[in-house]
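Report on one structure; see the data block that follows.
The values are calculated or read from the model by the stated rules, or taken from the named source; none is laboratory data. From a predicted model like this one, the values you see are computed outputs, not experimental measurements. Cβ sites come from the backbone with ideal geometry, for glycine too, and all protein chains shown count toward neighbours.
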Amino acid sequence: MLRPFVPIVVCLVMVGSELLPGDRATAAERPNIVFVFSDDHAVQAISAYGSRLLSTPNIDRLSEEGALFVNSFCANSLCGPSRATILTGKHSHKNGFRRNGSWFDGNQPTFPPMLRAAGYQTAIIGKWHLASDPVGFDHWEVLPGQGSYYNPHFLQQDGSKVQREGYCTDLITERSLEWLKNGRDESKPFLLMCQHKAPHRNWSPALRHLDRWREEDVPEPDTLFDSYAGRSKLLLESEMSIRDHLHWGHDMKFHGESRWPEHFRDGYGNGEYQRMTPAQKAAWDAHYQPENESFEAAMDRGELDAKDVVRWKYQRYLKDYLRCVTAVDEGVGEILDYLDSSGLADSTVVIYSSDQGFYLGEHGWYDKRWMFEESLRMPFLIRWPGMVRAGTRSEAMIQNIDYAPTFLEMAGVSVPDDVQGRSLVPLLRGLGRAEEGWRDAIYYAYYENGVVHRVPIHDGIRTKHHKLMYFPRTQEWQLFDLLEDPKERRSLHADPAHRTRLAAMQRRYFDLRRFYEVNDATIPASRADEPWWKQRWLALNERVQQGDAEILFIGDSITQGWEDTGLRVWNETFASPRTVNLGFSGDRTEHVLYRLENGHLEGIAPRLTVLMIGTNNTGHSLQDPKEIADGIDAILATIRSKIPGTKVLLLGVFPRGFSPEAPDRLNNIAVNQYLRRFDDGEHIHYVDIGQVFLEPDGTISDEVMPDGLHLSEVGYERWALALQEKIRELRE
Ligand code: SGN
Ligand code: CA
């Protein structure tokens, strides 16, 4: 279903009491769109956003001649996810690209092919990072994966790879200009996405910029030596600190092995250095070598304490980062100059943005991922002659879900109903003022845990005044007052004085999750940040890879308990070398989904799967029964698609809580009402054996479930007795 098309030609050139400078036909026509997008460029390194670190005169031009959005945020602070969100106008759980390393389904609706169908000529040049090929572009040339800084390769539309000599940022600008000059059909409006790799790690500058900041130090952030007190302990787990997690070669640009492994990690050399020509290497060494030598000499003389080393590393990191930004800024300047000289400027919207923010030493960190301000914020500057008044500064809460609908409206294309973002065009027309009914809060969710940088899964909401975060692993809330505590040093969630605020923010959080249709139970979630879980998951993947599994038991601690309390009964009933126990203590439906999608079902064709899951969704948050049932439905769909030949014995979630009135008991009963309906008499067989655990009066005896949840040996006996027959029948 499409919304009725609202032509933008009706846009009034009168805004407020002023006549816009570009009060002419071009404003009403479909503009060209140039989207300049970089990687990891934080607002702290843009002078238009008040940077104390450097000047970015060309990017700043966009705000001087157009608008700057102060409250601009990402939906998921990571490269691939941000890009997928931009293309689709949807949060990660809807577009399916939740973490790097996913594969983007380019057949889902995205804005470039819609613009193309509406007569635009479309091109993308530079970083893509979505694994699948770009869809909907007349022209594309993209970096493979993360791409390289020096003498990078570019993937071509014909499947070939071309290496170009030079510096990545310059080459992406050059290729973009080349397309603007010679690649276009001048009769059509166009969309050009010019997407830089810089200033992404490992922050490798253009050789011509190596001398910048040579003689001066850049200022340090107040929180460079953050102790992480007053916030979740999970902050201590992440591995992205300047103190402990920068690499000697890769990040800090030394040759050879780390001389001080307590300060500099080893393991990664500098792959970028290896790509350079001898002349490039010489220029590079001429810069870094003398600095490295003087640092090493000072260390050898014992002149630097641990804090001094952090400070030195901060300078090395930041200066390289800022040098990378400088080339991006120059690239923006070249594009703006070309638009001016070619006469295209008046009919072209130019946007500058970056996939997420970044820590420039704040909280002692580099990288992103966390929902704290520095990585949550995204730059967003837009120049739209004739539409946006020069010097506009907007405080409206915008997010990268809004870009696709904005581009669609600019091009006069109607926005599909399921797009979650909103077009910014009404704001742009209204001098950046939030129109009535604009959002008061944004929703954020991060899903990539247990891998590089070890940031836990979390989500939350942010208003102009407050931020609420939730960590499912520890079931912890964090609440920040952004006006009183802009650097987010103290969570107020446990402060009685803020109880009402906490409740109000929680209310908005749950409402926003409903609004964006976030159901955790259906969103695959890894627990690989818990070492035992990761180990068991990988070990069972290996077990499954032997290929001979005949029966799978899938579930949580109650299933895992067959290996422990239930072991004797197991050995007497279900044990067989071809029966595999895939039960994981503490798992909810979302964790099972993750495991089933990541290894547990590869290369096998079991006859039968016994599935019981959901009681932790009840126990951890008394999750809505329909949501839990939807999670189980998603699990059934995954089983069906991965091992279509297997029969599923779906068990009703066991009763829990000693009393029949226990709220979690009632919740599980409600889940089972839905599960019954999944029985199709063919692939899925539903059985509810809950009665066998109950006393005649409906209570549960601690002889059956000592804690009102987990089974004793007696409990396992009852389970075995109730199911033996059914299992025998279904496995045939
Ligand atoms: C690489 C980087 C990480 C970075 C991710 C994601 N390591 O793995 O530091 O967090 O990319 O970045 S590096 O050794 O390659 O420099 S993202 O922008 O693509 O999401
Ligand atoms: Ca990025």
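At-a-glance table
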| read-out | value |
| --- | --- |
| Qualifying residue in the range 117-131 (condition: at pLDDT 95 or above, on the phi > 0 side of the Ramachandran plot, more than 16 Å from ligand 1 (Cβ to nearest atom) and in contact with a strand residue (DSSP E or B) (Cβ under 7 Å, 6 or more places away or on another chain)) | no |
| Enumeration of residues in the range 120-140 that are charged (D, E, K, R) and surrounded by fewer than 23 Cβ atoms within 10 Å (Cβ to Cβ) | Asp133, Asp138 |
| Tyr338, sole failed condition from (1) buried (at least 24 other Cβ atoms within 10 Å of the Cβ); (2) more than 16 Å from ligand 2 (Cβ to nearest atom) | (1) |
| Of all residues making up the range 458-511, the number that are more than 21 Å from Gly619 (Cα to Cα), among the polar types (S, T, N, Q) and free of Cβ contacts under 8 Å to residues at least 60 places away in the same chain | 1 |
| Lone unmet requirement of (1) within 27 Å of Tyr288 (Cβ to Cβ); (2) touching a residue at least 24 places away in the same chain (Cβ under 8 Å); (3) outside any loop (DSSP other than H, G, I, E, B) for Glu174 | (2) |
| Single residue of the range 501-535 satisfying the filter (assigned to a helix (DSSP H, G or I) and touching a Ser or Thr at 6+ places or on another chain (Cβ under 9 Å)) that is nearest to Gly599 (Cα to Cα) | Lys534 |
| Among residues of the range 373-402, those that are under 25 Å from His91 (Cβ atoms) and either touching a helix residue (DSSP H, G or I) at 6+ places or on another chain (Cβ under 7 Å) or not assigned by TED's automatic domain parsing to the domain that holds Ala198 (or both), counted | 10 |
| Subset of the range 700-709 [buried (at least 18 other Cβ atoms within 10 Å of the Cβ) and on the phi < 0 side of the Ramachandran plot] | Ile700, Val704, Met705, Leu709 |
| Tabulated pairs, the range 702-722, first in contact (Cβ under 8 Å) with a residue 60 or more places away in the chain, second of a type in the set (S, T, N, Q) and assigned to a loop (DSSP other than H, G, I, E, B), C-beta under 6 angstrom, 6+ apart or interchain | Glu713/Thr565; Ala720/Thr573 |
| Residue in the range 616-638 that is assigned by TED's automatic domain parsing to the domain that holds Ile554, assigned to a loop (DSSP other than H, G, I, E, B), modelled with pLDDT of 95 or more and buried (at least 18 other Cβ atoms within 10 Å of the Cβ) present | yes |
| Residue match in the range 96-114 (condition: within 16 Å of ligand 1 (Cβ to nearest atom), touching a strand residue (DSSP E or B) at 6+ places or on another chain (Cβ under 7 Å) and at pLDDT 95 or above) | no |
| Check on Gly450, free of Cβ contacts under 8 Å to residues at least 12 places away in the same chain and on the phi > 0 side of the Ramachandran plot | no |
| Residue count, the range 267-282 (criterion: in a helix (DSSP H, G or I) and on the phi > 0 side of the Ramachandran plot) | 0 |
| Count of residues meeting criterion [part of a loop (DSSP other than H, G, I, E, B) and crowded, with 24+ Cβ neighbours inside 10 Å] in the range 595-615 | 3 |
| Which listed residue is within 15 Å of ligand 2 (Cβ to nearest atom), in the same structural domain as Arg175 (by TED's automatic domain parsing) and aromatic (Phe, Trp, Tyr), from Phe69, Phe73 | Phe73 |
| Extreme residue, farthest from the chain's Cα centre (by Cα), among residues of the range 76-91 that are within 14 Å of ligand 2 (Cβ to nearest atom) and in a helix (DSSP H, G or I) | Ile86 |
| The range 417-451, subset at pLDDT below 95 and under 17 Å from Arg527 (Cβ atoms), residue surrounded by the fewest Cβ atoms within 10 Å (Cβ to Cβ) | Val451 |
| Yes/no for Gly333 being closer than 30 Å to Leu191 by Cα and part of a loop (DSSP other than H, G, I, E, B) | no |
| Hits in the range 434-452 - residues which are part of a loop (DSSP other than H, G, I, E, B) and either in the same structural domain as Glu395 (by TED's automatic domain parsing) or away from ligand 2 (no atom under 16 Å from the Cβ) (or both) | Ala434, Glu435, Glu436, Gly437, Trp438, Arg439, Asp440, Ala441, Asn449, Gly450 |
| Helices (runs of 4 or more DSSP H) enclosed by the range 350-430 - at least 3 residues per element that are more than 15 Å from ligand 2 (Cβ to nearest atom) | 403-410, 425-429 |
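Residues checked against (1) over 27 Å from the mean Cα position of the chain (by Cα); (2) within 16 Å of ligand 2 (Cβ to nearest atom); (3) outside the structural domain of Asp39 (by TED's automatic domain parsing); (4) outside any loop (DSSP other than H, G, I, E, B):
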residue	(1), (2), (3), (4)
Pro109	no, no, no, no
Met114	no, no, no, yes
Trp128	no, yes, no, no
Gly136	no, no, no, no
Gly145	no, yes, no, no
Phe154	no, no, no, yes
Glu165	yes, no, no, no
Asp170	yes, no, no, yes
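For (1) surrounded by 12 or more Cβ atoms within 10 Å (Cβ to Cβ); (2) over 30 Å from Asn58 (Cα atoms); (3) more than 34 Å from the chain's Cα centre (by Cα), each residue gets a yes or a no:
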{"position": "Trp248", "(1), (2), (3)": "yes, yes, no"}
{"position": "Lys253", "(1), (2), (3)": "yes, no, no"}
{"position": "Asn270", "(1), (2), (3)": "yes, yes, no"}
{"position": "Gln280", "(1), (2), (3)": "yes, no, yes"}
{"position": "Ala283", "(1), (2), (3)": "yes, no, yes"}
{"position": "Glu296", "(1), (2), (3)": "yes, yes, yes"}
{"position": "Arg301", "(1), (2), (3)": "no, yes, yes"}
{"position": "Asp305", "(1), (2), (3)": "no, yes, yes"}
{"position": "Lys319", "(1), (2), (3)": "yes, no, no"}
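Let's see how each residue does on (1) closer than 20 Å to Glu448 by Cβ; (2) surrounded by 24 or more Cβ atoms within 10 Å (Cβ to Cβ); (3) within 16 Å of ligand 1 (Cβ to nearest atom):
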{"residue": "Arg30", "(1), (2), (3)": "no, no, no"}
{"residue": "Val36", "(1), (2), (3)": "no, yes, no"}
{"residue": "Asp39", "(1), (2), (3)": "yes, yes, yes"}
{"residue": "Tyr49", "(1), (2), (3)": "no, no, no"}
{"residue": "Leu54", "(1), (2), (3)": "no, no, no"}
{"residue": "Pro57", "(1), (2), (3)": "no, no, no"}
{"residue": "Glu64", "(1), (2), (3)": "no, no, no"}
{"residue": "Ser72", "(1), (2), (3)": "no, yes, no"}
{"residue": "Ala75", "(1), (2), (3)": "yes, yes, yes"}
